[in-house]
């Protein structure tokens, strides 16, 4: 009984640290940390988006060979809060809104299991050589829930609604003209090259453009209260702040979903949301707290419930100010990274088995990952580097910034002790979070806990790594890295882009402006009777990405009756 | 008749004053309604258009008069958050909150009255002191903790209740009472101490009255003396408190409804604040004000019924 509050406290503290940093930083696009992306789109030439592929380190265990998916059942999913409505062109959604949207709407593109953007409701999404003209070919024979056909003109109307939207118009500001070539073909001319256009069609945080709503719904002033899409579930009813119910779409263009109904229940209080799942009042509970996920893992092993881990998102980092001594010397940066014992950190965070170690901005499972010379754990080697520096220049003494949360301070103390072992002396500085962020922005710091870097499409890290953005807070850059970032931004071919970002990772690995302390992941817990959370089949029956942040695909979920 | 007319006029005056004050305060809150409606990425032109549509650039008094004109006709505007007419949204949520507050008050009184009687009958005893300590603990325990503890113990561990959710009384009276029992206890625990202590003091005072000695001399049982003779004259204070504590209780619904995920007025209010849904917030404030003033109006009437002397005093005044 005495253990519980401590665990909860830690969860809150970590969330506070990361959340605060992300919200204040603003260097990345809102989606950069949470979406995984992908690789090849078959015969299409989708420029791939992003991040890392999902790592299902804890796949559901209850599915046994004799269990066969069957129709039926109602799934109750708790979400963090209600939405202002369900018009993709007008209502900005958090996880809860996206979960409803993913049930009712389909997106033009999605992520495959390796994290690459692939066409989904679109048959293909292709660009001309310089990515100034894009052609979207939609699937034939798909209808909206109101019976109207899904056509190229419907896509045009959705894009137009977004362009006309005061809230989201800026997302499509590069679209110049849209031409409906025929029923299934839409040609889009951009005002300038837009190599990463398909990324915004995946329906994720900050990119709702991909969700296709029925034109009748878009035209209806009340449409946001009665969403109509092509998705696996049709809208039934919405009682704001209480529940939203959807039912299986029997006329779905893929195999219809298994579940009869899904009820989304907004429970704003996080403790209550967890309690509702623990009490069996909800069937599915998702959280970004590695502490909570770790708590459920033994129950999964005992067959009491299922745990599915989603794709890694933005990693936590320790950031050096490469413009200030002693961190203007790569030997010191490298030494401090070599002294950090990651398993010890995870043990302290109670995140063993959930957080994944990283050696750069992208997880090992990511399409974008390429190996680098980022240092391994080697305290003896680190001590030698520190001695070398001390002999030449002087003692390694520095201020290590964090916020004023006691848990964060004790987390810093762990680093402090590891660095002390190699002869480096860290003075812990606890500042109000806003004050620390201000220090970082003004460059008035030496080393700090940080977040919001890496994890997304490499292009979203452009501001963090390029010398000319004003948001490169580590102060580290090289002309070669700038050139690779510029080149990667201008390319559409995923493999060609990857070559450029390999250069970036190599330079980061050699120069260590960050200590990568591991990925953050969402865990989705479901009752033992619930099967298939963490599974999402693409139209060609290959695996897609079922969990992206707190956003779930539910069409392949079923319940043991 | 004149007595009631005066009170009604006062009631209307209070409503006007409170709505004007709340309208002004909400209008002065930081944050731009047009930005809330359209999002941070909207253009200045679009935001200006919304401001014109909602008359946000007019002086506050002009806007208030326009708003009150619409409000008396039942039009409280549209909630930008839920896209519903505010009056409709409030109507849907009112039943839950009224039921919750009634159950909480009932729970508080059911606990406070026996405690007060026991304390008054055994003044200075160990029981009296123990009850006093328990009451203090109840008063000092934050409602948030009580709510979470009740949920963990009775819903998660024992499984006797649902953690969240509301069943309408018309759908299932028993289910409805059950769905709000834990929230009502969480909400009703705090005023128990206040009610019990005031009632105990009043009872002790009543027990010293001459008519009580007469009742005892007649050989009435303690139970009869308390129920028939002492409680009524001693209840003026606690009845008054019940009305006054409604304000605190309404404030408490914000927390309790959020924890138990109940779609009531309290949660509607807090969500409206969080989303800068000013129209909805103003509507909620009006309803809550009417409820508070209305209940205290009823309490005044009750006081007159319980003790006719209060009416006589007011008439004389």
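The values are calculated or read from the model by the stated rules, or taken from the named source; none is laboratory data. Everything quoted here is computed from the prediction, not taken from an experiment. All Cβ positions, even for glycine, are placed from backbone atoms using ideal geometry, and neighbour counts span all protein chains on display.
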Quick check on the stretch A:267-287: of everything there that is facing another protein chain (nearest Cβ under 7 Å) and within 14 Å of residue A:77 (Cβ to Cβ), which residue is nearest to the chain's Cα centre (by Cα)?
A:267
What residue, of B:64, B:80, is touching a residue at least 12 places away in the same chain (Cβ under 8 Å) and more than 14 Å from every other protein chain (Cβ to nearest Cβ)?
B:64
Could you count how many residues in the stretch A:229-249 are assigned to a loop (DSSP other than H, G, I, E, B) and modelled with pLDDT of 95 or more?
5
Scanning the stretch B:267-292 for residues that are over 16 Å from residue B:247 (Cα atoms) and either touching a residue at least 40 places away in the same chain (Cβ under 8 Å) or crowded, with 19+ Cβ neighbours inside 10 Å (or both) gives B:268, B:271, B:272, B:275, B:276, B:277, B:278, B:279, B:280, B:281, B:282, B:283
Tell me, please, whether a residue that is crowded, with 22+ Cβ neighbours inside 10 Å and either closer than 20 Å to residue B:86 by Cβ or in contact (Cβ under 8 Å) with a residue 40 or more places away in the chain (or both) can be found in the stretch B:203-212.
yes
Determine, yes or no, whether residue B:259 is surrounded by fewer than 20 Cβ atoms within 10 Å (Cβ to Cβ), within 14 Å of chain A (Cβ to nearest Cβ) and either touching a strand residue (DSSP E or B) at 6+ places or on another chain (Cβ under 7 Å) or more than 25 Å from residue B:205 (Cβ to Cβ) (or both).
no
Checked A:239, A:200 against criteria (without any contact (Cβ under 8 Å) to a residue 60 or more places away in the chain, touching a helix residue (DSSP H, G or I) at 6+ places or on another chain (Cβ under 8 Å) and more than 30 Å from residue B:166 (Cα to Cα)); the one match is A:200
Among the residues in the stretch B:136-158, are any touching a strand residue (DSSP E or B) at 6+ places or on another chain (Cβ under 9 Å), outside any helix (DSSP H, G or I) and closer than 27 Å to residue B:247 by Cβ?
no
Here are some conditions: (1) crowded, with 18+ Cβ neighbours inside 10 Å; (2) more than 14 Å from chain B (Cβ to nearest Cβ); (3) within 15 Å of residue A:101 (Cα to Cα). Residue A:197 meets all but one. Which one does it not meet?
(3)
Name every residue in the stretch B:75-98 that is under 25 Å from residue B:165 (Cα atoms) and crowded, with 21+ Cβ neighbours inside 10 Å, in order of residue number.
B:79, B:80, B:81, B:82, B:83, B:86, B:89, B:90, B:93, B:96, B:97
So which residues in the stretch A:162-190 are away from chain B (no Cβ under 14 Å), outside any strand (DSSP E or B) and within 20 Å of residue A:229 (Cβ to Cβ), if there are any at all?
A:183, A:184
Among what's in the stretch A:407-449 and is over 28 Å from the mean Cα position of the chain (by Cα) and assigned to a helix (DSSP H, G or I), pick the residue that is farthest from residue A:379 (Cα to Cα).
A:413
Could you grab the pairs with beta carbons closer than 6 Å, sequence gap of 6+ or different chains, first residue in the stretch B:135-158 and within 11 Å of another protein chain (Cβ to nearest Cβ), second one outside any helix (DSSP H, G or I) and modelled with pLDDT of 85 or more?
B:151/B:163; B:154/B:160; B:154/B:161; B:155/A:279; B:155/B:161; B:155/B:163; B:156/A:279
Residues of the stretch A:401-415 being crowded, with 18+ Cβ neighbours inside 10 Å and out of contact with any helix residue (DSSP H, G or I) (no Cβ under 6 Å at 6 or more places or on another chain), in sequence order, are A:411, A:412, A:415
Consider residue B:164 against the criteria (1) crowded, with 16+ Cβ neighbours inside 10 Å; (2) more than 14 Å from chain A (Cβ to nearest Cβ): it satisfies all of them except one. Which criterion is unmet?
(2)
Considering B:71, B:120, B:104, B:116, which residue is surrounded by 13 or more Cβ atoms within 10 Å (Cβ to Cβ), away from chain A (no Cβ under 14 Å) and modelled with pLDDT of 90 or more?
B:104
Going by the conditions given, is residue B:192 touching a residue at least 40 places away in the same chain (Cβ under 8 Å), in a helix (DSSP H, G or I), crowded, with 18+ Cβ neighbours inside 10 Å and under 23 Å from the mean Cα position of the chain (by Cα)?
yes
Within the stretch A:428-458, tally of residues that are more than 27 Å from residue A:499 (Cα to Cα), out of contact with any strand residue (DSSP E or B) (no Cβ under 7 Å at 6 or more places or on another chain) and surrounded by 20 or more Cβ atoms within 10 Å (Cβ to Cβ):
1
